[in-house]
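Notes to accompany the following structure.
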Amino acid sequence: MLQINDTISIADWELTEQFVRSSGPGGQNVNKVSTAVELRFEAERSPHLTPAVKARLKRLAGRRWTTEGAIVLQVEDTRSQAQNREIARERLVELIRQALIVPKRRIATKPTYGSVQRRLVAKKVRAGVKAGRGSVEDED
């Protein structure tokens, strides 16, 4: 059981962990021990998340969202399998917590009369500068 907040928790059947060999430094240990963690969360099938949260989660996950509707997180930060496992779970919890935040609706506003006038004056000044440029005719 993975606790997200007071009301939402992720069941164990929604998470699958696979341990693979890590890249990077580590000497012979890299070639022998599978320390990297691949955490897979079946987000689309999760009964604990609302459709709106799933949509925001899909946008936040980006490339980590698979076509089957799962989130795949790969962690190989440390040489310890247990630490990598904890980091992967923490990242998943943080991602879901971000998706739970409902963005504020933007209220469309009109520009003020003064700002429109200032913009138009600036455009006329700039047009005058550009009109003054050009080839100079010879007076011979």
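For this structure, a couple of remarks:
- Amide H contacts of residue 33 (H built 1.01 Å from N, under 5 Å, at least 5 apart or other chain): none
- The Rg/Rh ratio for region 61-121 is 1.39, where Rg is the radius of gyration of the alpha carbons and Rh is the Kirkwood radius.
- Table column - 3J(HN,Hα) (Hz), region 82-89, Karplus curve with 6.51, -1.76, 1.60, x for Gly and Pro: 5, 5, 4, 5, 5, 4, 4, 5
- Projecting the Cα positions of 16, 47, 31 onto the charge dipole of region 2-100 (unit charges on Cβ atoms of Lys, Arg, Asp and Glu, taken about the Cα centre) puts 31 furthest along the positive direction.
- For residue 130, a cut-off of 19 angstrom between C-alpha atoms picks up no lysines at all, skipping any fewer than 8 places away in its own chain.
- C-alpha long axis of helix 51-61 to longest principal axis of the chain, angle in °: 80 degrees
- Cα-only Debye scattering, the chain: base-10 log of I(q)/I(0) at q = 0.09, 0.16 Å⁻¹: -0.51, -0.89
- Size of electric dipole in the chain: Cβ of Lys, Arg +1 and of Asp, Glu -1, about Cα centre, debye, nearest 20: 840 debye
- Of the peptides 35-45, 113-123, 79-89, the ranking by mean beta-carbon count within 10 Å, highest at the top, reads 35-45, 79-89, 113-123.
No lab work stands behind these numbers, since they all come straight from the coordinates. These numbers come from a predicted model, not from an experiment. So basically every Cβ, Gly included, is an ideal-geometry build from the backbone, and we count neighbours across all protein chains shown.
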